[in-house]
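Structure, as structure tokens:
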Amino acid sequence: LKFIFGPCAVPALDLVDQRSVTRVVAPSGRTAYQVLGSSGKLYTCYSSCHFCTCPAFGFTVLQKSESLLCKHILAVYLSQAMGACQELTVSEEQLTSILLAEEEDEG
């Protein structure tokens, strides 16, 4: 994994080991993933469009194109593959609130 994904592989595996990945599901079937980062901050990841709200994703992946992903997205993919995601069912309103909270943090 480290050969393919570089320096984010080991931290991503640590997040999986700590069960830091939660799949958030609404009744409509809309999903997002929340990953509790090593710093204690909660990041929202979207596996369907390969996006994370963490600063490392914005800088390393989007701005500099130095990496394909951050440790949080890799942790989501690994957790999905291993069946290690925690599951949280929320209302449509709660999911919307989670998504809007991320936008407010960025703006």
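At a glance:
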{"read-out": "Options Ser47, Ser38, Ser91: the member that is of a type outside the set (Lys, Arg), in contact with a Leu (Cβ under 8 Å, 6 or more places away or on another chain) and in contact (Cβ under 8 Å) with a residue 12 or more places away in the chain", "value": "Ser38"}
{"read-out": "Residues of the stretch 35-75 that turn out to be aliphatic (A, V, I, L, M), open to solvent by less than 90 Å² (accessible area, probe 1.4 Å) and either in contact with a Lys or Arg (Cβ under 6 Å, 6 or more places away or on another chain) or in a helix (DSSP H, G or I) (or both), as a count", "value": "5"}
{"read-out": "Single residue of the stretch 1-19 satisfying the filter (more than 24 Å from Leu88 (Cβ to Cβ) and of a type in the set (Gly, Ala, Ser)) that is most open to solvent (accessible area, probe 1.4 Å)", "value": "Gly6"}
{"read-out": "Residue in the stretch 1-34 that is nearest to Leu78 (Cα to Cα), counting only those that are more than 13 Å from the chain's Cα centre (by Cα) and part of a loop (DSSP other than H, G, I, E, B)", "value": "Leu1"}
{"read-out": "All positions within the stretch 25-34 that are among the hydrophobic types (A, V, I, L, M, F, W, C) and surrounded by fewer than 20 Cβ atoms within 10 Å (Cβ to Cβ)", "value": "Val25, Ala26"}
{"read-out": "Positions within the stretch 48-107 being among the charged types (D, E, K, R), over 16 Å from Ala26 (Cα atoms) and touching a strand residue (DSSP E or B) at 6+ places or on another chain (Cβ under 7 Å), in sequence order", "value": "Glu102"}
{"read-out": "Hits in the stretch 35-46 (condition: under 12 Å from Ala75 (Cα atoms) and among the hydrophobic types (A, V, I, L, M, F, W, C))", "value": "Val35, Leu36, Cys45"}
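The values are calculated or read from the model by the stated rules, or taken from the named source; none is laboratory data. A quick note: this is a predicted structure, and the numbers were derived from the prediction, not measured. Neighbour counts are summed over all protein chains in view; Cβ atoms, including those assigned to glycine, are modelled from backbone coordinates with ideal geometry. Note: accessible area is taken over every heavy atom of the protein model, side chains too, but ligands, DNA and RNA are not part of it. Shrake-Rupley method; radii C 1.70, N 1.55, O 1.52, S 1.80 Å.
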